[in-house]
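Heads up: the structure comes next, in structure tokens.
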Amino acid sequence: MLRYAIKRILLMIPVIIGVSFLIFFIMDLAPGDIVDIKLAEEALTFEEIEQLRETYGLNGSVFTRYFSYMVNFVQGDLGTSLVSGRPVLDSYLEKMPATIVLACASIFVSIMISIPLGVYAAMKRGTFADNASMVLSFLGLSIPNFWLGLMLIIVVALNVPGIPTGGFSKGIASVILPAITVGTGLTATLARTTRSSMLDVLSQDYLRTERAKGHKEIKVIMKYALRNALIPIITIAGGQFAVTLGGAVLTETVFSWPGVGRLIVDAVNSRDVPMAVGCIILKSITIGIVVLIVDLLYAVIDPRIKAQYGKRKRKQA
Amino acid sequence: MEDKKALGEPVLVVEDLQVRFELEAETVSAVNGISFTLKKGHTLGFVGETGAGKTTTALSLLRLVPHPGKVESKKIEVCGQEVSTMTTQQLEKYRGNDIAMIFQDPMTSLNPVFTVGQQIADTILLHQEVSSSEAKKKAEEMLELVGIPASREGEYPHQFSGGMKQRVVIAIALACNPEVLIADEPTTALDVTIQAQVLSMMKKLRDERQMAMIMITHDLGIIADVCDEVAVMYAGRIVETGTLVEVFNRTKHPYTEGLFNSLPNILNRSARLKPIPGLMPDPSNLPAGCSFAPRCKYAKDECFSAQPIVHQFSDTHTVACSAYARSGFAIDRPQKK
């Protein structure tokens, strides 16, 4: 298991190189740079422009700039923002708590709703309850995030006292609406995954064995069946969680949530190359780690997968 | 259950059991009015082709017939309790404790994400008032009983071979010392050498624990080896029932005769097998008369129009065949003592 985890972490190195180069290259292709943006605000002479480009390190080919960026990166220096002048890592870590809170809250909400819903739908397959819950989840899947966010602000935040329209200043109350917004799509996907995965498991012979032992039906479903159905469910949940940890851009914008999603968008808009590249590298590391944790969870849930990871140790009979 | 019942007292009485699957387009009549009794310490064998209703009969004793199956009966009495009117709680106490079932395919009958020890122990925890460490210890004893070292208690089903898995399934079924054990083709999925091991182990455990057992199989050899009484099933009905000797040596029903004729003859190795021609009727469209008549070489007109008449040849030997109404009728198979 440990060897497997180390291998997976080492495999993240080429991913980081690829991601960073790609984003560096795309930022270079985008028309305009930070100097052009400054130029729109104040009149600069030609010499001043050249001077600024020099200090920001914008001269030279994309490859030389990428190379010098990576040399610093390997030494642990993610650079400083061209806009604020603060180190990229500091800005990222500062925004991280808000993003973690939102990601955890939304995944919690969606798991608490989607798994019981999906299990129920699978048990009542083909009935009205099944169809109704699947239509509901289809609806959840189709509603655009930003629209739902705006509607929640208009309908809930403006009418219910104590629930703010945005920001992260009022504790739990300020998390509720963004968590529902992010969680709705998540719940819908997870409920459908849970249902189809449970349907597979419910027809298995070993559940008949459990029933023949005299277990209560609820225990057969929630313990013996669900555990077998869990792998696809945590794959989807883990992936969604990782993406949310990278920043829920639209939701964060709608609720002026001080998370990393907005940080990245702002950096790209102001052509703040070190900030954008740095944040995206950190984002891909976060996603990589979460996906690794999910993969390790597989082994905890299913002993057959555990047997495939690394060395097999067998107790001597 | 307390051990008051003397050997020979019936622990299982079934009267007029019917199971139908009502589908949208058709109704499948899987079991059509069968009755039997089983005495303590005795083994009853159900033999018949695939689709004769053997497994459905067994599942209805546990009330585990899958949806949309409908079970009707005059009586299903196990250890003096009527099964068809049990509440959910009674049913949960009854399953696994009074009656247990060994399922056909050991490869799929065990839960892949729990250790075999856990799977045995949870039955014990469910029905006996023991702590979880005692249950674990009992589970280890059960493993030893079926010939698996107790040290393998913490392993998962995928770490066991097919024969070992079937032993685990048997250990689960026997964990709470049930009065009635149903074995649904326990050896079909195993190869021949393992079959013999598993069968002799089951016989030993049955004799030690004085269990009543129902052995479902399509293998007449297993019946001869294990059973005291035999019920031959065809299209959801029992066509011939009697003691092992009566059914094997004084065979009366043409279908039973056909089963024996389909076996290779060890004394005459060059003889060709005589399979029964045709197929079993579609259970959603059973004929009005005897269901075996279309395949029966002795069939007369009356066989196609009316249900067969039941003939009693001894206290135990019963045959459902109208041909015995004709004087002097006998099947070709020679009768032995």
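The values are calculated or read from the model by the stated rules, or taken from the named source; none is laboratory data. No experiment lies behind these values; they were computed from the predicted model shown. Note that we place each Cβ from the backbone using ideal geometry, even for glycine, and neighbour counts take in every protein chain shown. Just the protein is used for accessible areas: all its heavy atoms, side chains included, with ligands, DNA and RNA removed. Shrake-Rupley method; radii C 1.70, N 1.55, O 1.52, S 1.80 Å.
In table form, for the structure just shown:
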{"quantity": "DSSP-assigned coil residues among trypsin sites (Lys or Arg not before Pro) in region B:173-268, each with at most 12 further Cβ atoms within 10 Å", "calculated": "none"}
{"quantity": "Acute angle (nearest 10 degrees) that the helix A:88-123 long axis makes with the longest principal axis of chain A, alpha-carbon atoms", "calculated": "20 degrees"}
{"quantity": "Magnitude of the charge dipole, region A:89-269, Cβ model with Lys/Arg +1 and Asp/Glu -1, debye to 20", "calculated": "760 debye"}
{"quantity": "Rounded to 10°, Cα long-axis angle of helix B:162-174 versus longest principal axis of chain B", "calculated": "80 degrees"}
{"quantity": "Rounded D (µm²/s) - region B:161-201, Kirkwood Rh over Cα pairs, Stokes-Einstein at 10 °C, 1.306 mPa s", "calculated": "149 µm²/s"}
{"quantity": "Calculated log₁₀ intensity ratio I(q)/I(0) where the Debye formula runs over C-alpha points of the protein assembly as shown, q = 0.06, 0.08, 0.10 Å⁻¹", "calculated": "-0.53, -0.77, -0.98"}
{"quantity": "Cα shape, region B:237-325, gyration tensor, a/c 1.5 rule", "calculated": "oblate"}
{"quantity": "Qualifying GluC sites (Glu not before Pro) in region B:98-145, DSSP loop, other Cβ atoms within 10 Å at most 15", "calculated": "B:E129"}
{"quantity": "Calculated Rg and Dmax of region A:171-263 using C-alpha coordinates, Å", "calculated": "18.2, 57"}
{"quantity": "Complex-versus-alone comparison for region B:97-116, residues with a loss of 50 Å² or more in accessible area, probe 1.4 Å", "calculated": "B:F103, B:T108, B:N111, B:P112, B:V113, B:F114"}
{"quantity": "Interface B:A - total buried accessible surface [probe 1.4 Å, Å², rounded to 100]", "calculated": "2500 Å²"}
{"quantity": "Cα-based equivalent ellipsoid of region A:89-269: semi-axis lengths in Å, sorted from largest, via gyration tensor", "calculated": "36, 18, 13"}
{"quantity": "Positive-end residue of B:F46, B:A139, B:I266, charge dipole of chain B with Cβ unit charges", "calculated": "B:I266"}
{"quantity": "Ratio of the Cα radius of gyration of region A:200-317 to 2.2 N^0.38 Å, where N counts its residues", "calculated": "1.58"}
{"quantity": "Carbon plus sulfur fraction of accessible area for region A:89-269, probe 1.4 Å, in percent", "calculated": "70 percent"}
{"quantity": "Inverse mean reciprocal Cα-Cα distance (Kirkwood Rh) of region B:182-310, Å", "calculated": "16.7 Å"}
{"quantity": "Convex hull volume per residue for region B:10-227, taking Cα atoms only, in Å³", "calculated": "129 Å³"}
{"quantity": "Sum of -39500 (n - 2.57) over DSSP H runs of 4+, divided by residues of chain A (222 nm, nearest 500)", "calculated": "-24000 deg cm²/dmol"}
{"quantity": "Modelled FRET efficiency - R0 60 Å, A:A173 with B:E72, Cβ distances, 0.05 increments", "calculated": "0.50"}
{"quantity": "Difference of contour (0.36 nm per residue) and Cα-Cα distance, A:L150 to A:V135", "calculated": "3.1 nm"}
{"quantity": "Net charge of neighbours whose Cβ lies under 14 Å from the Cβ of B:V28, counting Lys and Arg as +1 and Asp and Glu as -1", "calculated": "-2"}
{"quantity": "Portion, in percent, of the accessible area of region B:10-227 that falls on carbon or sulfur, probe 1.4 Å", "calculated": "48 percent"}
{"quantity": "Dipole axis of chain A (+1 Lys, Arg; -1 Asp, Glu on Cβ), positive-most option in A:G79, A:I49, A:C279", "calculated": "A:C279"}
{"quantity": "About the Cα centre, charge dipole magnitude for chain B (Lys/Arg +1, Asp/Glu -1 at Cβ), debye", "calculated": "1000 debye"}
{"quantity": "Chain B: angle of helix B:116-127 to the longest principal axis, Cα-based, in degrees nearest 10", "calculated": "80 degrees"}
{"quantity": "Positive-end extreme of charge dipole, the protein assembly as shown - chosen from A:S256, B:G236, A:V220 (charges on Cβ)", "calculated": "B:G236"}
{"quantity": "Square roots of five times the Cα gyration tensor eigenvalues for chain A, Å", "calculated": "45, 28, 14"}
